């Protein structure tokens, strides 16, 4: 059985998310409206497959929604230039840490960012 690898990905969001989603706005007080609004996630699928799951409101076999409402409603497209430099990660824990690291780095660069 092939070993699972995790990938980090970034989705550009419509800037409407900043005006329409209070929690997103509160999470990004540094945002000045100039750069983009982004979602940072991690997946064991390809970024393209995961983005499609978000956009279609993917649910697992038990009926639990496994897609982000923010990406489903506001997601525009993937931003590979912001994540292609990150190699696949061996564990879920490493991927979660890298997701947070990248999200906080992008916030320091004055992007508005949502991550889980």
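Would you check if residue 19 is at pLDDT 95 or above and either assigned to a helix (DSSP H, G or I) or within 22 Å of residue 107 (Cβ to Cβ) (or both)? Taking the combined requirement at face value, the residue does not satisfy it. Checked against the criteria, residue 77 counts as at pLDDT 95 or above, loosely packed, with under 12 Cβ neighbours inside 10 Å, in contact with a helix residue (DSSP H, G or I) (Cβ under 9 Å, 6 or more places away or on another chain) and not in a helix (DSSP H, G or I).
On the stretch given as region 22-42, residues that are surrounded by 19 or more Cβ atoms within 10 Å (Cβ to Cβ) and farther than 18 Å from residue 110 by Cβ total 2.
Residues in region 89-116 that are part of a loop (DSSP other than H, G, I, E, B) and surrounded by 13 or more Cβ atoms within 10 Å (Cβ to Cβ): 110, 111, 115. Taken over region 31-49, the criterion of being farther than 19 Å from residue 82 by Cα and either touching a helix residue (DSSP H, G or I) at 6+ places or on another chain (Cβ under 7 Å) or modelled with pLDDT of 95 or more (or both) is satisfied by no residue. Evaluate region 52-60: report whether one residue or more is surrounded by fewer than 12 Cβ atoms within 10 Å (Cβ to Cβ) and either under 13 Å from the mean Cα position of the chain (by Cα) or assigned to a strand (DSSP E or B) (or both). Within region 52-60, none of the residues are surrounded by fewer than 12 Cβ atoms within 10 Å (Cβ to Cβ) and either under 13 Å from the mean Cα position of the chain (by Cα) or assigned to a strand (DSSP E or B) (or both).
Each residue in region 61-74 was checked for being surrounded by 14 or more Cβ atoms within 10 Å (Cβ to Cβ) and within 21 Å of residue 4 (Cβ to Cβ), and 2 pass. Only a single item in (1) under 16 Å from residue 115 (Cα atoms); (2) at pLDDT 95 or above; (3) out of contact with any strand residue (DSSP E or B) (no Cβ under 9 Å at 6 or more places or on another chain) is not met by residue 85, and it is number (1).
The values are calculated or read from the model by the stated rules, or taken from the named source; none is laboratory data. Only a predicted model underlies this, so the values are computations on that prediction, with no experimental measurement involved. Here the Cβ is made from the backbone with ideal geometry for all residues, glycine too, and neighbour counts use every protein chain on show.
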